[in-house]
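The values are calculated or read from the model by the stated rules, or taken from the named source; none is laboratory data. In this text, all values refer to a predicted model and were calculated from it rather than measured experimentally. Note that we place each Cβ from the backbone using ideal geometry, even for glycine, and neighbour counts take in every protein chain shown. SASA here: full protein model, heavy atoms, side chains in, ligands and nucleic acids out. Shrake-Rupley method; radii C 1.70, N 1.55, O 1.52, S 1.80 Å.
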Amino acid sequence: MPTEIVEPLETLMFEAIGLTTIALSVAAAGELTLPQWRALVVIGRARALRVGDIAATIGMTLPSTSRLVRRLERNGLVTTGRDESDRRATLVQLSLEGRVLREKVVQCRRSMIDEALASRASVLPRGLAAGLRVIAVAFQDYK
């Protein structure tokens with residue numbers, strides 16, 4: 001991949017992490033770490049996920065993910081239960097409070113993005129949205 005694409009994309013990703021950190025601080029009152037946020041995002045994309053699947057997706061060990069899930073459960077952000085198809089596995093899903101908090105952080109971050117881009121909308125290149133979707137799909141495939 002050409003440097004003129006990779007370098008700005010890396011910069012964008014670093015800045016996106018910064019925006020997410022600020023949104024977590026503002027919308028979640030600092031109660032979530034980035035790994036906890038990543039878990040909420042992953043869990044929120046599915047009806048319910050096994051702890052092992054969460055671990056694989058967020059790149060953590062199973063024991064670390066189990067501890068993370070227990071913290072989220074203690075904070076009322078997820079609920080857990082046994083997987084009826086495999087009683088050894090634990091299924092995790094967002095609680096109502098977890099869904100509300102996840103949406104609050106997303107909306108805060110979107111507002112920050114809107115504010116940052118408002119004065120630059122006229123100079124954004126045509127086809128940017130389509131290009132970003134291609135990149136997002138490529139990144140989703142990388143696991």
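With a 1.4 Å probe and all protein chains left in place, how much accessible area per residue does the range 75-143 have, in Å²?
Result: 77 Å² per residue.
On full extension of the chain, what length is gained from residue 16 through residue 100, given 0.36 nm per residue of separation minus the C-alpha to C-alpha distance?
Here the answer is 28.1 nm.
Along the positive direction of the dipole of the chain (beta-carbon charges: Lys, Arg +1; Asp, Glu -1; about the Cα centre), which of 42, 69, 79 reaches farthest?
Value computed over the given set: 79.
Residue by residue through the range 93-103, what is 3J(HN,Hα) from phi via Karplus (6.51 cos²θ - 1.76 cosθ + 1.60, θ = phi - 60°)? Round to whole Hz and write x for glycine and proline.
Those phi angles translate into 9, 5, 7, 4, 4, x, 5, 5, 5, 4, 5 Hz.
Applying the Karplus parametrisation 6.51 cos²θ - 1.76 cosθ + 1.60 with θ = phi - 60° to the phi angles of the range 69-81, what ³J(HN,Hα) value in whole Hz is obtained for each residue in order, glycine and proline being reported as x?
Karplus values, whole Hz, x for Gly and Pro: 4, 4, 5, 4, 5, 4, 7, x, 8, 9, 10, 10, x.
Suppose the chain between residue 93 and residue 111 were pulled fully straight at 0.36 nm per residue; how much longer would it get relative to their current alpha carbon spacing?
3.8 nm
Tell me which label goes with the value of Cα Rg over 2.2 N^0.38 Å computed from the coordinates here: [x] 1.45; [y] 1.20; [z] 1.12.
Answer label, from the structure shown: [y].
How far is helix 128-141 tilted off the main Cα axis of the chain, in degrees rounded to 10, range 0 to 90?
30
Over the chain, what percent of the accessible surface lies on carbon and sulfur atoms, probe 1.4 Å? Numbers along the way, then the final one.
Values: 5610 of 9770 Å².
Carbon-and-sulfur percentage of accessible area, whole number: 57.
Which whole-number value in Å² is the accessible area per residue of the range 1-65, probe 1.4 Å?
With all protein chains present, the range 1-65 gives 60 Å² per residue.
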